[in-house]
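Everything below concerns the one structure shown next.
The values are calculated or read from the model by the stated rules, or taken from the named source; none is laboratory data. Predicted model only: the values in this text are computed from it and were never measured. Because the Cβ atoms are built from the backbone with ideal geometry, glycine has one as well, and the counts that use them run over all protein chains shown. Please note that ligands, DNA and RNA were not included when accessible areas were found on the heavy atoms of the full protein model with its side chains. Shrake-Rupley method; radii C 1.70, N 1.55, O 1.52, S 1.80 Å.
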Amino acid sequence: MVNRLAQSTSLYLRQHSENPVDWWPWSNEALEEAKRLDKPIFISIGYSSCHWCHVMAHESFEDEKIAKIINENFVAIKVDREEHPDVDATYMNALLTMADHGGWPLNLFCTPEGKPFFGGTYFPPREGGHIPSFERVLLTMAHLFNESRAEVEENASSVTSALADRNVLAPSSGLDLDADELAVSFVNGYFKRFDKEWGGVGRAPKFLQPHLMRAIYEIADYSKEAKIYNQLTEAANHTLRLAASGGMFDHVGGGFARYSTDAFWMVPHFEKMLYDQALNIRAYLRGWLNSNDPDFEYIVRKTCDFVLDEMALDNGLFASSFDADSDGEEGAYYIFRIEEIRSAFGGEDKDLERQLGITKAGNFEGRNIIHRPGATSIKGDQQLQSALAKLRDLRSNHNRPARDDKAIVEWNAMMIVALLEAGFVLGEARYTRAAERSLETLIEESHIFTEGTRIVGADSSNVPATLVDYANLVEAYLTTYLFGSTIKDPKPIISLIDKMVEDFFDVETSNFFLSAKGKGGLFIKSSDHLDGAYASASATAISCLLLANHLLGVDQYQQIALEALAPLAPLVQRTPEHFAPLTSLLLGLANEPTEVVITAASGELVDQLRTHYSAGTLLAIGIDKAGPLFEYREQDKAYICINYACQLPIDSPAALKDALGQSKSWRKDG
């Protein structure tokens, strides 16, 4: 017998469709049912490739006794966080007001109005460890609600009040920042957390945080101090090299796992998320432009190719993730026994085994995660490439992890931007074509100019698009206009930005909110100004407004961006290292803008421009494009403008190279 989740478009929800729990999907109907019955709500949030979500499902939600307790005492709602980021963010923030950590599975106990009064992450089914059993938690919460209702309501009100203070930032009178002080403060704060030995921030588990890496390169570019520039770029390059040499990067098949379970990037949590691929492509591309490290270019290409080969759907969009597990075991698809490796290699090869970190004992449950200890450059090493090809063939005999084919607007937009940047910088037209096809499908099937859906596909209209979808789609649109050939008229971009502002920007508080006005069903307005796995929705929206103003000449966008930055600025000033993308935006406002426009789609002038991609420099290419950036300009010419003053047109690649070199920002020694 199946429950209400059987017809869901979400793979994660369908995975719970045969639970004996009487699950509801997130909906107004579920919330109304709780009010009608005057029952507390149990909300469980996760996602399809979450290992511990699966563990708790098998241990507890498939258990008849536990299901009976849930069904008799609660209205149970199962939420796919990838479908409802606004719901996830709201309840995760609620948990963080009650506990010292969060994560998934995320389990909340709420009043019939949806206000949380207790929560946690994973609970074991029975007693026996330091975490209370799920059965005991369920019975205790039911007893509290029925016997101590006033106390429950008071606690829920307290959490709601704390959330309101956290979600809505007070309006500020304006921006009053010292750019040099902000850069120094960022450096000081970042290096307090920086792992000098292994790179990255903190200890285990360790996330690469590619949005932070990219922001570090941008902040370095904006700095006028040679010392700051060198400190930041060396730290970023060090981090990217070590992260890519460990097991978090899939040396055999390409792409990145979500995070490392240790401090030295060796053992990953094996799930692969689309957004990680997109953001890591952009981070390593910046790293390559800064360092000219050939392995960084190799990693960009390998990751792009993995996405196009393994995550592309028939309609040109991209699947959301690969599970961590196969055959009921985490990482089984990705790891190798020494015997099967030597069989593939045709016998023992000590040199290859050393270079790929292969040992008889293994490094993960008796088997081997392929990595590159003390790695020399892998690009162009034919012996290593041949060995990796043999391991790819060997892996094809392993059972593949499940792929979640849900096409999410936000993450697909991120991948479009990554492919466009990689296509432009590397001169790979197939990356650009794939991005343009994806954008065309995304615009057509997401109905983003009307009601707007977050999930593209049949029967997905009940999942409304949120700010993260609009902001990232605007960025994809703008980037296609800059580097692609299919978007020549900026009018649709302006329409999309106007809709984003109208639906998600609150004029009274100058805050962006995750849910569109009048949508979401949440008990409180939810904002997103804190970075997580990627830059906050507010940072992305503000960045797009500033870029659109520069690119399209709509002064209103600059004004809205500054209004939205004002309440965020005090947070950034206090701890800029925790708001790296916003720190980069603020430093960018203090720098002289540079724009380079080439009125051609390809050729030697464009080739000369590819490796000049850096913060503070707006690059655009194309022919027959409308908009102020391309107006009144001759074809097959390069135009450079610095601080709103334009140089004479350039038609020689050599002259453009000289001019680009002169336009680079100077830095003080020290």
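Counting other Cβ atoms within 10 Å of each Cβ, which trypsin sites (Lys or Arg not before Pro) in segment 455-523 have at most 10 and sit in a DSSP loop?
Here no loop site has a sparse enough neighbourhood.
Starting at the first residue of segment 39-50, write each ³J(HN,Hα) from the Karplus equation 6.51 cos²θ - 1.76 cosθ + 1.60 with θ = phi - 60°, in whole Hz, x for Gly and Pro.
10, x, 9, 9, 10, 10, 10, x, 7, 5, 9, 7
Which residues make up the longest stretch of the chain clear of GluC sites (Glu not before Pro) that lie in a DSSP loop with no more than 14 other Cβ atoms within 10 Å, not counting the sites?
That would be 198-347.
Counting only the backbone N, which residues of segment 139-156 are under 13 Å from the spot 7 Å out from the Cα of Glu72 toward its beta-carbon?
Of the residues in segment 139-156, 139-140, 142-143 have backbone N under 13 Å from the label point off Glu72.
Quick query: amide H of Phe318 versus all other amide H atoms, modeled in the peptide plane; which residues come in under 5 Å with a sequence gap of 5 or more or a different chain?
Leu313
So between Glu508 and Ala533, what do we pick up on full extension, going 0.36 nm a residue minus the alpha carbon distance?
Between Glu508 and Ala533, full extension yields an extra 6.1 nm.
Relative to the present Cα-Cα distance, how much length would full extension add between His143 and Met1 at 0.36 nm per residue of separation? Mind showing how you got there, number by number?
On the way: separation 142, 0.36 × 142 = 51.12 nm, distance 2.94 nm.
48.2 nm is the gain from fully extending His143 to Met1.
Report the per residue volume, in Å³, of the convex hull enclosing the C-alpha atoms of the chain.
Dividing the Cα hull volume of the chain by its residue count gives 160 Å³.
Applying 1/(1 + (r/R0)^6) with R0 = 25 Å to the Cβ-Cβ distance of Ala389 and His51, what FRET efficiency is obtained, to the nearest 0.05?
The pair Ala389/His51 has a calculated efficiency of 0.30.
For segment 578-670, what relative contact order do you get, as a whole percent, if you take Cα pairs closer than 8 Å and at least 6 residues apart? Write out the running numbers ahead of the final one.
Numbers: 107 pairs, mean separation 29.2, N = 93.
With pairs under 8 Å counted, the relative contact order is 31 percent.
Lysine pairs in segment 469-595 with Cα distance under 25 Å, only those 8 or more apart or on different chains: how many are there?
Pairs that pass both the separation and distance tests number 7.
Around Pro492, with a cut-off of 11 angstrom between Cβ atoms, what is the net charge of the other residues, counting Lys and Arg +1 and Asp and Glu -1?
+1
Relative contact order, percent, of segment 1-56 when contacts are C-alpha pairs under 8 Å separated by at least 6 residues?
Relative contact order comes out at 28 percent.
Just grab the label-to-label distance for Asp327 and Asn462, each label 7 Å out from Cα along the Cβ direction, in nm (one decimal).
According to this spin-label approximation, the distance is 3.8 nm.
Using 0.36 nm times the number of residues separating Tyr613 and Glu151, minus their current alpha carbon distance, what extension gain do you get?
Stretched fully, the Tyr613-Glu151 segment lengthens by 160.6 nm.
At 1.4 Å probe radius, can you tell me the per residue accessible area of the chain in Å²?
Details: 26540 Å² over 670 residues.
Accessible area per residue, the chain: 40 Å².
Given a 1.4 Å probe and every protein chain left where it sits, what share in percent of the accessible area of the chain is carbon and sulfur?
Whole-percent figure for carbon plus sulfur exposure: 48.
If a cysteine in the chain has no other Cys Cβ under 4.7 Å from its own Cβ, put it on the list, ordered by number.
When partners are defined as cysteine Cβ atoms under 4.7 Å apart, the chain leaves Cys110, Cys304, Cys544 without one.
Place +1 on the Cβ of every Lys and Arg and -1 on the Cβ of every Asp and Glu in segment 278-417, take the dipole about the Cα centre, and give the residue among Ala413, Gln385, Asn368 whose Cα lies farthest towards its positive end.
Gln385
Tally Lys and Arg at +1 and Asp and Glu at -1 over the other residues with C-beta under 10 Å from the C-beta of Ala94: what net charge comes out?
+2
Is the C-alpha gyration tensor of segment 224-380 telling us rounded, prolate or oblate? Criteria: a/c under 1.5 is rounded; beyond that, a/b larger than b/c is prolate, otherwise oblate. Walk me through the numbers before you get to the answer.
Values: a/c = 1.86, a/b = 1.28, b/c = 1.46.
The shape class here is oblate.
Expressed as a rounded percentage, what relative contact order does the chain have, with Cα pairs under 8 Å and six or more residues apart?
Relative contact order here is 13 percent.
Can you give the accessible area of Asp221, probe radius 1.4 Å, in Å² rounded to 10?
Taking all protein chains as shown, Asp221 has close to 40 Å².
Which FRET efficiency, nearest 0.05, do Ile642 and His58 yield, Cβ-Cβ r, R0 56 Å?
0.40
Starting from the Cα of His130, step 7 Å toward the Cβ, then list every residue of segment 171-203 with an amide N under 19 Å from that point.
Backbone N within reach: 203.
Rounded to the nearest 0.05, what FRET efficiency is calculated for Asp381 and Asp178 with R0 set to 60 Å and r the Cβ-Cβ distance? Can you show the working numbers first?
On the way: r = 48 Å, r/R0 = 0.80.
With R0 = 60 Å, the Cβ-Cβ based efficiency is 0.80.
Can you give the helix-only mean residue ellipticity at 222 nm for the chain, where every DSSP H stretch with n ≥ 4 adds -39500 (n - 2.57) and the sum goes over all residues, rounded to the nearest 500 deg cm²/dmol?
Details: 24 runs with 314 residues, N = 670.
Counting only the DSSP helices, I get -15000 deg cm²/dmol.
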